[in-house]
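Let me begin by presenting the structure, written as structure tokens, before commenting on it.
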Amino acid sequence: MKQILQSLKNGSTQIADVPAPSITQDSLLIHSHASLVSAGTERMLVDFGKANWVNKARQQPDKVRMVLNKVRTDGLATTVDAVKSKLDQPLPLGYCNVGTVVQLGKKVDKIAIGDRVVSNGHHAQVVSVSKNLCAKIPSNVSDEAASFTVLGAIGLQGIRLVNPTVGECVVVTGLGLIGLLTVQMLRASGCRVLGIDFDESRLAMARQFGAETVNPGYGEDVLAKALEFSRGRGVDAVLITASTQSSEPVSQAAHMCRKRGRIVLVGVTGLELSRADFYEKELTFQVSCSYGPGRYDSDYEERGFDYPVGFVRWTEQRNFEAFLDLLSSGAVNVDPLITHRFDIESATDAYDLLSSGKPSLGIILNYPDRERNLDKIVSTGAASTIKVRSHAGESIGVSFLGAGNYAGRVLIPAFKQDGVELNAVVSQAGVSAVHYGKKYGFKQAATDVGAVLADESTDAVVIATRHDAHAAQVLEAIHANKHVFCEKPLCLTADELFEIESAANAKPDLAVMVGYNRRFAPQIQKMKSLLANVNQPKSFVLTMNAGAVPADHWTQDPAIGGGRVVGEACHYIDLMRFLAGSVIVSVQARRMSQPDASGIADDKAAIILGFADGSFGTINYLANGASSFPKERVEVFAGGRVLQLDNFRKLRGFGWPNFKKMNLWRQDKGQMHCAGAFIQAIRNGSEAPIPRHEIFEVARETLKIANLLREQE
């Protein structure tokens with residue numbers, strides 16, 4: 001299928017061939033009829049991509065600080081690779097889509113196949129969206145009109161925060177698409193409206209919708225006009241729908257408001273506020289969040305949990321429905337807002353227009369072949385083939401399930417080595433699969449996991465999906481007689497571990513491995529060789545200065561990410577097990593305090609492991625440290641000697657004959673060696689480089705530790 005992608009590296013826009021996305025149990029597949037280009041947001045993304053490195057940095061100073069901290073801890077080379085990888089990934093454009101439902105997840109209700117719906121889907125022939133991010137379109141509303149729904153919902157949410165009453169005087173600053181839609185909805189609410197903009201054609205349109213206007217570009221006094229408009233009282237409310245780096249719109253809004261007036265920011269402006277402007281009038285100022293309640297809430301948007309209408313009357317979806325009702329009744333008219341139409345095949349012309357400076361407003365993209373090509377796109381899109389160079393000779397076929405940032409930046413390059421044929425790469429939406437498929441020379445980019453596992457040319461599967469998918473995909477791969485490399489964790493529950501262990505033991509010829517790469521790092525290998533000559537119990541202190549992760553991040557959810565001990569500290573449990581070279585015989589764990597309101601229990605914890613040979617060690621997994629401190633530190637005390645490793649760059653020895661240090665010019669956590677050892681084991685027909693009993697032992701003890709932390713009072 002065709003989809004519009006944009007490069008953040010150079011700002012180029014392309015129409016890419018991408019496999020049709022797959023759906024989850026809470027989402028649906030939509031075949032597109034039309035979509036609307038969001039001029040403000042999409043122009044900003046294109047301009048950011050075209051900016052040079054200096055201007056990119058100026059636009060995102062918070063990201064610059066993060067980069068500088070990473071340079072101090074991980075080194076320049078590693079940081080540059082990470083930044084380049086982030087900017088290299090294509091960005092799907094668009095979030096105003098109209099189409100027909102063609103597939104439903106098993107938990108989707110109230111919507112049927114064949115329904116015409118609006119959604120926040122991308123500019124693509126087929127989109128997959130959550131059931132809470134779409135709404136059925138009334139029969140008398142055209143596709144083009146319905147494509148304005150998402151932008152209308154953004155304006156509507158701003159209006160709800162202003163909470164206007166009939167007869168109030170409301171100012172709308174910035175008369176782009178959202179501003180002009182906001183003018184119409186305020187008029188439909190019985191408000192008097194004053195529109196402010198520098199573009200006379202947009203001001204004329206606002207007057208057509210019943211607003212009074214003022215143009216500061218013509219030297220008109222905005223504050224005087226607002227005072228006159230409000231009959232000398234000051235306006236009741238201001239909605240700022242402009243996009244500018246200046247703080248003038250907010251300051252201006254404060255001066256034109258009456259005492260206890262309301263100001264809501266829907267657009268983007270500078271926020272250098274004067275306390276006096278707000279203090280003397282007791283003004284309220286609020287920033288509106290996109291389409292309404294539910295935005296950026298993964299439970300609502302991804303997992304389909306709705307808010308009870310008795311407690312949250314207007315959610316994202318219900319705002320969609322309300323705007324569609326306004327279109328249906330004729331209270332809002334979008335026809336005058338449409339200035340250009342393009343077919344999807346000519347979409348690059350639309351973006352050239354957007355960045356050209358030529359007058360434009362509502363740009364519609366149409367998908368004219370939707371009926372004729374539907375079956376072909378949906379049925380074969382998941383197996384889209386990317387033609388690459390030919391592969392000669394005997395090789396090991398490797399396919400990837402998951403094409404996220406870590407897979408693309410680290411794992412795929414690690415597996416792309418001599419004697420390996422990259423067969424297929426799978427991602428749910430298909431975009432990242434196509435990007436990495438072309439970049440690294442995969443034969444196929446796909447969204448269908450089952451088809452890839454059934455492919456006889458795939459000998460080994462690398463699983464790099466979200467943690468909650470690992471167990472099922474490991475089992476599927478084993479049952480399909482594929483060697484398995486699973487990026488940690490192996491699974492999230494004891495029951496899943498039992499199933500995997502049983503399935504793997506039934507097929508001893510298959511290599512089953514977890515990506516515990518730390519043990520393959522060159523400095524860890526050096527530590528292991530030094531410790532081999534110490535015939536005494538050892539003491540370990542492993543510190544992971546992990547940094548804080550938001551409570552609502554998927555990794556914190558025990559059912560999805562498993563929590564941070566299962567998802568990340570498992571690396572250090574395996575590393576200590578490797579360095580000790582002995583079976584774990586006891587575990588203790590203590591969290592720092594009670595979990596907070598979010599239920600987080602394991603991101604600030606101490607873990608003590610005891611080993612059969614008398615060794616013991618402590619893992620300090622901490623989310624409350626300074627980012628300037630090394631993220632990872634490994635210390636070993638044994639036989640009157642000490643080894644200390646910082647961030648897999650600087651290794652020092654204290655009291656070791658003939659060894660003082662081993663420093664690397666760039667960080668090496670062992671990913672290349674880990675992947676190479678796995679491939680070599682397959683080639684030789686030998687056991688995976690991490691013995692199975694150690695993999696299952698580490699998984700079992702990790703799950704035990706996570707439960708201990710959650711159960712503590």
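Rule-based calculations on the coordinates, nothing more; no lab input. Please read these numbers as outputs of a predicted model, since none were measured by experiment. With ideal geometry, Cβ positions are generated from the backbone for all residues, glycine too; neighbour counts draw on all protein chains shown.
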Can you check what the Kirkwood hydrodynamic radius comes to for region 427-492, Cα pairs only, in Å to one decimal?
12.4 Å
For region 477-569, the percent of all C-alpha pairs falling in each 10 Å bin, from 0 up to the bin holding the max distance, is 13, 31, 31, 24, 2
Cα gyration tensor of region 210-317 diagonalised, 5x eigenvalues square-rooted, in angstrom largest first, produces semi-axes 32, 15, 14
For the chain, find the longest principal axis of its Cα atoms and tell me its angle to the long axis of helix 177-188, 0 to 90°, nearest 10.
50 degrees
Which three extents, in whole angstrom, do the alpha-carbon atoms of region 151-287 cover along their principal axes, largest first?
36, 31, 29
Long-range share for region 537-621, i.e. C-alpha pairs more than 22 Å apart as a percent of all pairs, stands at 28 percent
Throw me the Rg/Rh for the chain, computed over C-alpha atoms with Kirkwood Rh, two decimals.
1.02
The Cα radius of gyration of region 383-516, divided by 2.2 N^0.38 Å with N its residue count, comes to 0.99
Rounding to the nearest 10 and keeping the result within 0 to 90°, find how far the Cα-based axis of helix 671-684 lies from the longest principal axis of the chain.
60 degrees
Angle between the Cα long axis of helix 692-711 and the longest principal axis of the chain, 0 to 90 degrees, nearest 10?
50 degrees
The chain - share of DSSP beta bridges that are antiparallel (%, nearest 5):
55 percent
Among the chymotrypsin sites (Phe, Trp or Tyr not before Pro) within region 134-222, which fall in a DSSP loop and have no more than 16 other Cβ atoms within 10 Å of their own Cβ?
F198
Considering only the other residues whose Cβ falls under 13 Å of the Cβ of T465, what net charge follows from Lys and Arg at +1 and Asp and Glu at -1?
-1
Computed P(r) (all Cα pairs; region 100-201; 10 Å bins; percent):
13, 37, 28, 18, 5, 0
